[in-house]
Amino acid sequence: MTAHGPDMTVSNLDPLAALRWQVEAGADEAIAEAPIDRFALPPKAAKPEPVAAPRATPGLSEAPRAVAQPDAPRASAAILQAPTYSATPGAQSGEALQSASSLAAAANNLDELRAALAAFDGCALKKTATNMVFADGNPAARVMFIGEAPGADEDRQGLPFVGVSGQLLDRMIGHIGLTRADSAYITNVLFWRPPGNRTPTPGEIGACLPFVERHIELIDPAIIVLVGGIAAKTMLARSEGITRLRGQWQTYETPRMSHPVPIIATFHPAYLLRSPGQKREAWRDLLAVQAKMDELGIAPKPAAPAP
Ligand code: URA
């Protein structure tokens, strides 16, 4: 959260107490000189121009698909298993969820999805964030990483995983030959930073989920890697912690996808920075991703040696 809120007159207050109040409210950074009225009505959003899809996504048919994965339970697809989040305390209104679902469903490509999100006011986090954080990496990549939510650095730059934990994520995926420039696509289950990096509420997650699902459909990845507990619980529609959920292949599918996609969860790099003893398990998960890329014939080719 930013500390440039309303013009707070502190002359009659204890300035230290006022500062403490802001920090406790999550305003732990000063990032702008001038105040921003986050409650001002947004300008009327222009309807996004239809744009040609960046690449063919054969899975965009409406027909629901039978899913039979005897040894691998089908993951999330909240479109099917829906309101895991909407019925919980603190959830956004049904109207917001309806609007999220219809806006997301109408997006035919990434530009339209980004524009639909930018026009969506059903997630309260948008009011306190500086930037929307949509995605980074190569949209044609075969491996899609989904993290939790932007932190302070991501909020400032408008890009996911650019802070310290993002640097560790880059090194981790680099060990299995992936780079964000070419072979990885990175996003989060939340598109706006929760104030003070607090845990997102079920309502906030539920409001973003239709956009995340549509994001997956449009990217049409061959493999999905869930980074951290919130991403794992959300996308697998499970309640266990990450220690239980990580390292097991499952499949993910929505009615608009042409085929089930292998999905696996691993520890969040921020957690690995705090608990380096768990890096061994995270390494196991990465090796499983590498083996799956080999199995699917999508492992990036090592760079040719210089002549
Ligand atoms: N942590 C996340 O889960 N996502 C980011 O983008 C940054 C930190």
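Yes/no matrix, rows are residues, columns are (1) within 12 Å of the ligand (Cβ to nearest atom); (2) in contact with a Leu (Cβ under 9 Å, 6 or more places away or on another chain):
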{"residue": "CYS123", "(1), (2)": "no, yes"}
{"residue": "PHE134", "(1), (2)": "yes, yes"}
{"residue": "ALA152", "(1), (2)": "yes, no"}
{"residue": "GLN157", "(1), (2)": "yes, no"}
{"residue": "VAL162", "(1), (2)": "yes, no"}
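Looking at the stretch 239-250, can you tell me whether even one residue there is out of contact with any Asp or Glu (no Cβ under 8 Å at 6 or more places or on another chain), within 21 Å of ILE173 (Cβ to Cβ), not hydrophobic (A, V, I, L, M, F, W, C) and not in a helix (DSSP H, G or I)? Within the stretch 239-250 (the criterion being out of contact with any Asp or Glu (no Cβ under 8 Å at 6 or more places or on another chain), within 21 Å of ILE173 (Cβ to Cβ), not hydrophobic (A, V, I, L, M, F, W, C) and not in a helix (DSSP H, G or I)), the answer is yes, since at least one residue qualifies.
All of (1) touching a residue at least 24 places away in the same chain (Cβ under 8 Å); (2) buried (at least 21 other Cβ atoms within 10 Å of the Cβ) hold for ARG198 with one exception: (2). The condition (being within 9 Å of the ligand (Cβ to nearest atom) and at negative phi) is satisfied by just one residue among GLY174, GLY166: GLY166.
Under the condition of being among the hydroxyl-bearing types (Ser, Thr, Tyr) and at positive phi, the residues counted in the stretch 121-139 number 0. Only one entry of LEU190, LEU209, LEU169 meets the criterion of being buried (at least 21 other Cβ atoms within 10 Å of the Cβ), in contact with a helix residue (DSSP H, G or I) (Cβ under 8 Å, 6 or more places away or on another chain), of a type in the set (A, V, I, L, M, F, W, C) and in a loop (DSSP other than H, G, I, E, B), and that entry is LEU190. Taking the conditions (1) more than 10 Å from the ligand (Cβ to nearest atom); (2) among the small types (Gly, Ala, Ser); (3) buried (at least 23 other Cβ atoms within 10 Å of the Cβ) in turn, GLY147 satisfies each one other than (1).
Inside the stretch 238-270, can you point out the residues that are hydrophobic (A, V, I, L, M, F, W, C), more than 18 Å from the chain's Cα centre (by Cα) and either more than 22 Å from PHE211 (Cβ to Cβ) or loosely packed, with under 15 Cβ neighbours inside 10 Å (or both)?
The answer is TRP249, and nothing else.
Before we move on, is ILE224 over 24 Å from THR128 (Cα atoms), modelled with pLDDT of 95 or more and in a helix (DSSP H, G or I)? Judged against the criteria, ILE224 is not a match. Only a single item in (1) surrounded by fewer than 23 Cβ atoms within 10 Å (Cβ to Cβ); (2) basic (Lys, Arg); (3) more than 25 Å from MET172 (Cα to Cα) is not met by ARG214, and it is number (1). Looking across the stretch 163-214, the residues that are touching a strand residue (DSSP E or B) at 6+ places or on another chain (Cβ under 8 Å) and not polar (S, T, N, Q) come down to LEU169, ILE173, LEU178, ARG180, ALA181, ALA184, TYR185, ILE186, VAL189, VAL212.
The values are calculated or read from the model by the stated rules, or taken from the named source; none is laboratory data. On a predicted model such as this, the values are computed, not experimentally measured, just so you know. Note: ideal-geometry Cβ built from the backbone for every residue, glycine included; neighbour counts use all protein chains shown.
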